[in-house]
Amino acid sequence: MAKIVVVGGNFAGLTSALELKRKLGQGHQVIMITKSPVFLFIPSLIWVPFGEREIKDITVALEPIAKKGGVELVVAEVSQVFPDENKLITNKGEYAYDYLVMATGPELAFDQIEGLGPKGNVSYIGTPNGAMETRKRWQEFVKNPGPAVIGAAQAAGCAGAAYEFLFNFEQQCRAAGIRNKVNITWLTPEPFLGHFGIGGIAGGEQMLKGFMKLLNIHYITEAEIEKVGSDTIELKGGTVLPYQFAMIMPAFIGADVVRKSPGLGNEKGYIPVDDTYQHKHYPNIFAVGIAADYPIPFKTRVPMGMPKTGYPADESAKTAAENIVRLIHGQTTLKERPMGKIPGLCIMDAGKKEVIILSDSLLKPRKFAVMLPNPIYDVSKRMFEKYFLWKVRKGYSWLP
Ligand SMILES: Cc1cc2nc3c(=O)[nH]c(=O)nc-3n(C[C@H](O)[C@H](O)[C@H](O)COP(=O)(O)OP(=O)(O)OC[C@H]3O[C@@H](n4cnc5c(N)ncnc54)[C@H](O)[C@@H]3O)c2cc1C
């Protein structure tokens, strides 16, 4: 009997654990260790500050899903992995494993910029607490509007989500009747609008420039934030932007546990894997989703992170699960699914507008890539949210 431990219980971790158990059946043990007892649909956090979603609307308890799928759930924090000893330590005890899947997502590198972080005045929407704090600040801002700065810091892991928040914020300012009092500036490390950390999509830059002009949003590309103050953001080069409201997507680094486990990851806390998601040095360890290191094949003047979004997280998890099953069954040929070649499938909600991005491959070279704008309404991401939460509740991990 093989014992497989999956660390992480969100997009990549939940899919890995359920797929492993579904494919292996009885006779093998799958344990999912996660510090959160719920699945959180992170993409919908952009709507929480405006009261369009409550946290309870976008979370699902893991216990019944794990039980139905035959996965043993342990709600605990893993503090260290010992890859040479095939064991890990949690605040609820030690676990040995035959195979390990790391799906621990990112940590937020607020400390890379002076003044950025939860103690300052700049908001971050990517966690439940951050989104609720942003809601309070938004409600204050509506009573006392002024300049706003929205953007992504250098090396930000998910510039696309910051774009979504920007357009939702602009639309909410109009709905609240304060738009004429709000000067909005968009800050981005991208060399051009619509690069998104994936090298851009044909027509994307023109489309986003059109949106910025139409909505009267100022923008600064190749922006590098030097320092954040209580009411100003200072850029390298000397530009100082005053703000009454600001939301900045910070850089991502790998999880603490990876950085505290010698031999497991690189200096940024990401785990080096090959195209099968198998660790480059430990064949019984796999890393999926954001936890996996994926070298970015392009250079930008201001550093950018590659967005390892929900779809590649899910696909990497399925590939790793399939490969562990093959190894357990004595096979030596593993399935390859390079992250940069996974099809791009992304819906950018833009507040009563949306853009659907489709490509045969996340990174270039691509055979096709299209951005389909819908300037009239934004229904696709809301439908996608409903579909994904239904899939999670049912435990249908094999579905896309
Ligand atoms: C604001 C925002 C909006 C986004 N919008 C979109 C979108 O529209 N579409 C899209 O495709 N993607 C979007 N993304 C990206 C998407 O959220 C990620 O791709 C996805 O969450 C990655 O999944 P993951 O499982 O790798 O990591 P995560 O979802 O971060 O999961 C990490 C898991 O590891 C657990 N964990 C971490 N450390 C430990 C530890 N030491 N011990 C135990 N458990 C641990 C956590 O509890 C969690 O369960 C967005 C991201 C943000 C921040």
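The values are calculated or read from the model by the stated rules, or taken from the named source; none is laboratory data. As the structure is a computational prediction, the values presented were derived from the model and not from experiment. Note that each Cβ is placed from the backbone with ideal geometry, even for glycine, and that neighbours are counted across all protein chains shown.
How about the range 304-324: which of its residues are among the aliphatic types (A, V, I, L, M) and assigned to a helix (DSSP H, G or I)?
The initial filter retains those residues of the range 304-324 that are among the aliphatic types (A, V, I, L, M), namely 304, 306, 313, 317, 320-321, 324.
Listed by number, the residues that qualify are A313, A317, A320, A321, I324.
Just the residues that are assigned to a helix (DSSP H, G or I), touching a Leu at 6+ places or on another chain (Cβ under 6 Å) and more than 14 Å from the ligand (Cβ to nearest atom), please, taken from the range 64-107. Let's see the steps before the verdict.
Here is the first cut: in the range 64-107, the ones assigned to a helix (DSSP H, G or I) are 64-69.
Now restrict to residues that are touching a Leu at 6+ places or on another chain (Cβ under 6 Å): 66, 69.
Answer for the range 64-107, where residues must be assigned to a helix (DSSP H, G or I), touching a Leu at 6+ places or on another chain (Cβ under 6 Å) and more than 14 Å from the ligand (Cβ to nearest atom): just G69.
Which residue out of A61, A103 is of a type outside the set (K, R) and under 16 Å from the mean Cα position of the chain (by Cα)? First the steps, then the outcome.
Values: A61 fails: under 16 Å from the mean Cα position of the chain (by Cα).
Answer to the check: A103.
Can you list the strands (runs of 3 or more DSSP E) lying wholly within the range 1-56 that have 3 or more residues being near the ligand (Cβ under 10 Å from one of its atoms)? Break it down into steps so the answer makes sense when it comes.
Numbers: elements: 3-7, 29-34, 38-40.
Counting at least 3 such residues, we get 29-34, 38-40.
Quick one: in the range 155-201, which of the residues that are among the hydrophobic types (A, V, I, L, M, F, W, C) and more than 26 Å from K236 (Cα to Cα) is nearest to the ligand (Cβ to nearest atom)? Steps first, please.
Just the residues of the range 155-201 that are among the hydrophobic types (A, V, I, L, M, F, W, C), to begin with: 155-156, 158-159, 161-162, 165-167, 169, 173, 175-176, 178, 182, 184, 186-187, 192-193, 196, 198, 201.
Among the residues that remain, those that are also more than 26 Å from K236 (Cα to Cα) are: 173, 175-176, 178, 201.
Working: C173: 19, A175: 21, A176: 21, I178: 23, I201: 15 Å.
Here the answer is I201.
Sort out which residues of the range 70-125 are free of Cβ contacts under 8 Å to residues at least 24 places away in the same chain and under 30 Å from Q278 (Cβ atoms), and write them in order of number.
Residues satisfying the conditions are E85, K87, I89, N91, K92, G93, E94.
Of everything in the range 342-355, what is touching a residue at least 40 places away in the same chain (Cβ under 8 Å) and either among the charged types (D, E, K, R) or within 24 Å of Y270 (Cα to Cα) (or both)? Give them in sequence order.
Going residue by residue through the range 342-355, those that are touching a residue at least 40 places away in the same chain (Cβ under 8 Å) are 344, 346, 348-353, 355.
Answer for the range 342-355, where residues must be touching a residue at least 40 places away in the same chain (Cβ under 8 Å) and either among the charged types (D, E, K, R) or within 24 Å of Y270 (Cα to Cα) (or both): G344, C346, D349, K352, K353.
Of the residues Y243, Y270, only one is in contact with a Pro (Cβ under 6 Å, 6 or more places away or on another chain), aromatic (F, W, Y) and under 21 Å from D111 (Cα atoms); which?
Details: Y270 fails: in contact with a Pro (Cβ under 6 Å, 6 or more places away or on another chain).
Selected residue: Y243, the only one of Y243, Y270 that is in contact with a Pro (Cβ under 6 Å, 6 or more places away or on another chain), aromatic (F, W, Y) and under 21 Å from D111 (Cα atoms).
For the range 102-112, state whether one or more residues are surrounded by 16 or more Cβ atoms within 10 Å (Cβ to Cβ) and farther than 19 Å from I253 by Cβ.
First, the residues of the range 102-112 that are surrounded by 16 or more Cβ atoms within 10 Å (Cβ to Cβ): 102-110.
When the remaining residues are screened for being farther than 19 Å from I253 by Cβ, the result is none.
No, the conditions are met nowhere in the range 102-112.
So D57 fits all but one of (1) in contact with an Asp or Glu (Cβ under 8 Å, 6 or more places away or on another chain); (2) more than 16 Å from V30 (Cβ to Cβ); what number is the exception?
The single condition D57 does not satisfy is (1).
Which pairs do you get when a residue that is without any contact (Cβ under 8 Å) to a residue 24 or more places away in the chain, found in the range 39-58, comes within reach of a residue that is among the hydroxyl-bearing types (S, T, Y), reach meaning Cβ atoms under 6 angstrom, with the pair 6+ apart or on two chains?
R53/S44
Taking F245 as the residue in question, decide whether it is assigned by TED's automatic domain parsing to the domain that holds G130 and more than 25 Å from V30 (Cα to Cα). Write out each step before concluding.
Values: assigned by TED's automatic domain parsing to the domain that holds G130: yes; more than 25 Å from V30 (Cα to Cα): yes.
Yes.
Run R301 past the list (1) touching a residue at least 12 places away in the same chain (Cβ under 8 Å); (2) outside any loop (DSSP other than H, G, I, E, B); (3) not aliphatic (A, V, I, L, M) and report the number of the one that doesn't hold.
So the condition that R301 fails would be (2).
Return the residues of the range 325-360 that are assigned to a loop (DSSP other than H, G, I, E, B) and away from the ligand (no atom under 16 Å from the Cβ); say none if nothing qualifies.
We begin by selecting, within the range 325-360, every residue assigned to a loop (DSSP other than H, G, I, E, B); these are 329-338, 342-343, 350-353, 360.
Across the range 325-360, the qualifying residues are H329, G330, Q331, T332, T333, L334, K335, E336, P338, K352, D360.
Considering each residue of the range 283-315, count those that are under 19 Å from T221 (Cα atoms) and within 12 Å of the ligand (Cβ to nearest atom), and give that number.
Narrowing the range 283-315 to residues under 19 Å from T221 (Cα atoms): 298-307.
Then drop every residue that is not within 12 Å of the ligand (Cβ to nearest atom), which leaves 305-307.
Result for the range 283-315: 3.
Which pairs have Cβ atoms under 6 Å, sit 6 or more apart or on different chains, and link a residue in the range 317-341 that is among the small types (G, A, S) to one that is at pLDDT below 95?
G340/L362; G340/L363
Considering only residues that are of a type in the set (A, V, I, L, M) and over 21 Å from the mean Cα position of the chain (by Cα), look in the range 349-378 and name the one that is surrounded by the most Cβ atoms within 10 Å (Cβ to Cβ).
Our first condition is that a residue be of a type in the set (A, V, I, L, M); within the range 349-378, this holds for 350, 355-358, 362-363, 369-372, 376.
Subsequent filtering for residues that are over 21 Å from the mean Cα position of the chain (by Cα) retains 369-370, 372, 376.
Details: A369: 21, V370: 13, L372: 12, I376: 9.
In this case the residue turns out to be A369.
Does L166 satisfy being hydrophobic (A, V, I, L, M, F, W, C) and farther than 20 Å from E133 by Cβ? First the steps, then the outcome.
Values: hydrophobic (A, V, I, L, M, F, W, C): yes; farther than 20 Å from E133 by Cβ: no.
So L166 fails the test.
What residue, among those in the range 209-268 that are part of a helix (DSSP H, G or I) and in contact with a helix residue (DSSP H, G or I) (Cβ under 9 Å, 6 or more places away or on another chain), is surrounded by the fewest Cβ atoms within 10 Å (Cβ to Cβ)?
Applying the first criterion (part of a helix (DSSP H, G or I)) to the range 209-268 yields 209-214, 256-259.
Add one more test, that the residue is in contact with a helix residue (DSSP H, G or I) (Cβ under 9 Å, 6 or more places away or on another chain), and what stays is 211, 258.
On the way: F211: 22, V258: 25.
Taking the candidates together, the pick is F211.
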